[in-house]
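Right, one structure below, let's go through it.
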């Protein structure tokens, strides 16, 4: 089965080709074809996962649990050889399951959600292409294949954000996402070049094996690690490149759920977890990641508390949660980060789909001030959304609690400043609970303030919600901490791929059981405070209230977009104008035109040689002979 | 070897065809049959020689490389005849004789590909040249055609004189015509032991070859001859004949004179520089597409000379094979469009894309290949010959210069594309292309594109 | 210096003198006559090299057949010194200079071979009897049979060409 791994990305690719070519003919069938393709991938992924899990111990250990499947030689020149290989191990197989599993649910959901859209076929073609690229990203056995997938998902994200391209604001959002990602990609590319320049290889295994020699040059490794991290900040929306993600909500809601919550934005986390051998020996880079992650988590959380667009709240929440994941990566707790990726994929997809269901119910309205009291009209959506909220807030025994708690434990025990980071992280966690329940209360409680009659969504939309809600409840049980007598299944599963870096840097926290339970209690208590604050603040919500002071500041997103505009965009435009006027028009055009004119003049002169007289030709012939002889004899003494 | 015999015999067959077959169609079909038979025979020859090189009469050495080249050049000639056979027949009354002469030229081509004796080289070059003098003047009513023929003949006679003188001097120094003989090889083993008679002889041979491939400063005949000749024969002279001279060139200068490359590399380097400048710069000025293609063929010869320049590099051998095929097919493709037009000036092509999208497209592919744009065979052709020079490591600056010149060439090639696609006009046709023509042209373009992706196909 | 060498130098001198005569004379008929004389001198060289057959063939083919043909053509076209276009002095001067330069550069290139030439005794006679008709025939039909046969293709193509150029298209048209 492992050798058939190429089937996994193949199905979405076929789906993409079929739905893409038949987008004007297939009608509603394209949705089912696309979903079927993902389902097929999911089945293959599941089989691969099971086989990987049941592999005999010794073989697993021997190969550090990873299998490279060689497909063909991608770049095959004398100086450079890069194979098109897929790598299957614990990490990629988990991601395969998450991508195809959640991808399938969201496809099903989209069939209903997009049913009235004229770009129905196109939408599913893009979605399939996205899944294909994402699978390429996680399956690639070297940085180049990963990068192909990386760019592919960026492209699909661009296409899907600007899906309703007739709206200028939406295409602007798409462009913003693409450009921000490109900035990050540049960092990634430079990192790859740096890596290749010294290692002459890009595949993970060779580089991992080369680490002992590379460790002699810590500044080099730090540079590579930071370059890759810049790539990750772009894709995973971290400071300073996070502003595209809230704008990306311009796309259809299933896209937000799949791409901008569950899968694509976690690509940065995946990439760093994949490069754990690199980061574990680059403590400076780790420190940077930790600080950026924390800052992002806090900043995004404050903004989320004041947003009134249901999807914007969720978007900032995603940024904030990604911040948590990066904090985990920053302290070397790769398993915890992956754990949070998984649980976050469950409950954030659930929340987004729930919000989609709400938006669907109120005829495309996204402003929560015009909602309220929806509890009455849509029971299933309400219950599932509520489950999502308590999961993200970190109330046991739902999934969010376990993963977030694990991250916080690692941070608490990390170094001397760990406790400060922990306190700040807890602050962000409290805000998480606060803004999620604020959203819940404003949207579902009180009385309905909008127009029309909200209605529950069709079964095709609620079924995925129920499945995801169930997953959000039980998802945490794959990583029950040992203090509860559980066996951390995920940790055991992922252990082989982290062996090398664990040998370099231990990231297993050591806390007495008493302290651990105490910390958990504090965490739950803080979450409850957040919920209570939301309850008192928004039990009776008045939409006319305007925000003031610091809240206004947060509502306007800390004016970061405006700051970027002033500091980067405007000066860049100025420079471009200047370059266009001076260098382009006068300089380059002048030179090019000058050369062109020179050649034209030369042409008219040389043409005169062509007099048409044979006698003259022979004369030139003789002169040519003399010239060639003279040059040859003069330059090489014979 | 069989190909040589068959091409000679088929020339005679064509003469008789002219006598007995009354219909022009039948004559054309006989010619096409002949070239297909020639192609088959050369493939059989290739299979016979693919294992081991074989020497005939001490005059010819046929090995894998030469027999493979024979296949390629025969295929190019087949493409030429398939596309142009109607136009050839339309040149004048003696259509069977034109085809006969073309087959005689092919005989010369095979001789040049596999000679191992200077006598055969001389005979090959003459068999190649004399029919060309005739073909150039075959449009007897046209004074330009007459002029072309006479000019070509006079200049060609001059260069033949130089060729013979060069051979005589080399014979004087070595005492042998056989380039595989001990005496001959011994003479050119190292520069210090080489006689100065050989030095002059080599340079004279170089100049004579340079004349045949229209390298500057011996190129002056080219524009007049290519422009004056009937358009049906120009592509033949500019492609198949020229590239086979290149193969003869590379055979002698790498195989025999490779060890004494210091004695002639400067001369050829200056030839390359002059050829690239004159070919490219003068082409910019031209108003007639046919004349532009004549200069383009000079410029392309400058690139092919790189393969001679890069001594003993396998890349050069590969490069000249690829360049031969790609350049031939591309030029044939462009001429096939030119001949369909009433007006050969750039303005005559205005608006062709609207009127004849297939012609415009195939011409565009061919022109892009001539520029050397990636994804067309021309890119790899240029890449191989230039990297052969880089690999050799001497005079890298010429490569930089060549790339600059290739940039200039983009100007006049793209001008055609601009005329066809971005200008409005009548694009008056001389003859309307048939479906058969279009199919062939598309096939031709497809081969060029295919070679742009898989250049190794021509390496055998 | 023996008799052969004396003959060689005299013949060479005459050859060059007649060759110059060919290009210097204004009257085409004189040119052709000079050319015939040049061929005779070259035939003399052949005899010196013990190649009697070549000498005779040279006289019969070149001096006899071809040159007579030339004379006919010239007479039929009624060319004489008056119809010869006047070349201006500059062109002639340039021609002379470039020709001289070519000579100079050739001599310069092979001068190292020329030094020491006096020491070599050029055995003009009896060095080889390849030029005898019997030997020539044997070689031609054994060692050089392939070029000999190939030459037939060359001549055939030249003949075909002559026919192509010579036949009148318009005459054919009227015949149809």
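Could you tell me whether any residue of the range B:71-89 is more than 12 Å from every other protein chain (Cβ to nearest Cβ), under 22 Å from residue C:159 (Cα atoms) and either part of a helix (DSSP H, G or I) or modelled with pLDDT of 95 or more (or both)?
Within the range B:71-89, one or more residues are more than 12 Å from every other protein chain (Cβ to nearest Cβ), under 22 Å from residue C:159 (Cα atoms) and either part of a helix (DSSP H, G or I) or modelled with pLDDT of 95 or more (or both).
Working only within the range A:165-176, note down all residues that are in contact (Cβ under 8 Å) with a residue 12 or more places away in the chain and surrounded by 15 or more Cβ atoms within 10 Å (Cβ to Cβ).
A:170, A:173, A:174, A:175, A:176, listed by residue number.
Given the structure, is residue B:308 touching a residue at least 24 places away in the same chain (Cβ under 8 Å) and under 18 Å from the mean Cα position of the chain (by Cα)?
Here the answer is yes, as residue B:308 does meet what is asked.
Can you name every residue in the range B:260-299 that is assigned to a helix (DSSP H, G or I), surrounded by fewer than 23 Cβ atoms within 10 Å (Cβ to Cβ) and away from chain A (no Cβ under 11 Å)?
Listed by number, the list holds a single entry, B:290.
Among the listed residues B:151, B:144, B:140, identify the single one that is more than 8 Å from chain C (Cβ to nearest Cβ), over 30 Å from residue C:143 (Cβ atoms) and surrounded by fewer than 21 Cβ atoms within 10 Å (Cβ to Cβ).
So the residue among B:151, B:144, B:140 that is more than 8 Å from chain C (Cβ to nearest Cβ), over 30 Å from residue C:143 (Cβ atoms) and surrounded by fewer than 21 Cβ atoms within 10 Å (Cβ to Cβ) is B:144.
Which members of the range B:10-23 meet the condition of being within 14 Å of chain C (Cβ to nearest Cβ), part of a helix (DSSP H, G or I) and surrounded by fewer than 15 Cβ atoms within 10 Å (Cβ to Cβ)?
Residues satisfying the conditions are B:16, B:19.
Could you name every one of the helices (runs of 4 or more DSSP H) located completely within the range A:531-620 that has at least 3 residues being loosely packed, with under 11 Cβ neighbours inside 10 Å and within 14 Å of chain B (Cβ to nearest Cβ)?
A:589-606
I want to confirm something. Restricting to the range B:189-216 and keeping residues that are at pLDDT 90 or above and in a loop (DSSP other than H, G, I, E, B), which single residue is farthest from the other protein chains (Cβ to nearest Cβ)?
B:213
Do we have residue B:124 as under 30 Å from residue A:615 (Cβ atoms), more than 11 Å from chain A (Cβ to nearest Cβ), touching a residue at least 12 places away in the same chain (Cβ under 8 Å) and touching a helix residue (DSSP H, G or I) at 6+ places or on another chain (Cβ under 6 Å) here?
Taking the combined requirement at face value, the residue satisfies it.
Within the range B:68-110, how many residues are under 16 Å from residue B:6 (Cα atoms) and within 15 Å of the chain's Cα centre (by Cα)?
Summing the residues that are under 16 Å from residue B:6 (Cα atoms) and within 15 Å of the chain's Cα centre (by Cα) in the range B:68-110 gives 14.
Quick one: would you say residue B:192 is surrounded by 20 or more Cβ atoms within 10 Å (Cβ to Cβ) and farther than 30 Å from residue A:610 by Cα?
So residue B:192 fails the test.
The values are calculated or read from the model by the stated rules, or taken from the named source; none is laboratory data. Note that this is a predicted model, so its numbers are computed, not measured. Quick reminder, even Gly has a Cβ in these numbers, built from the backbone with ideal geometry, and neighbours come from all protein chains shown.
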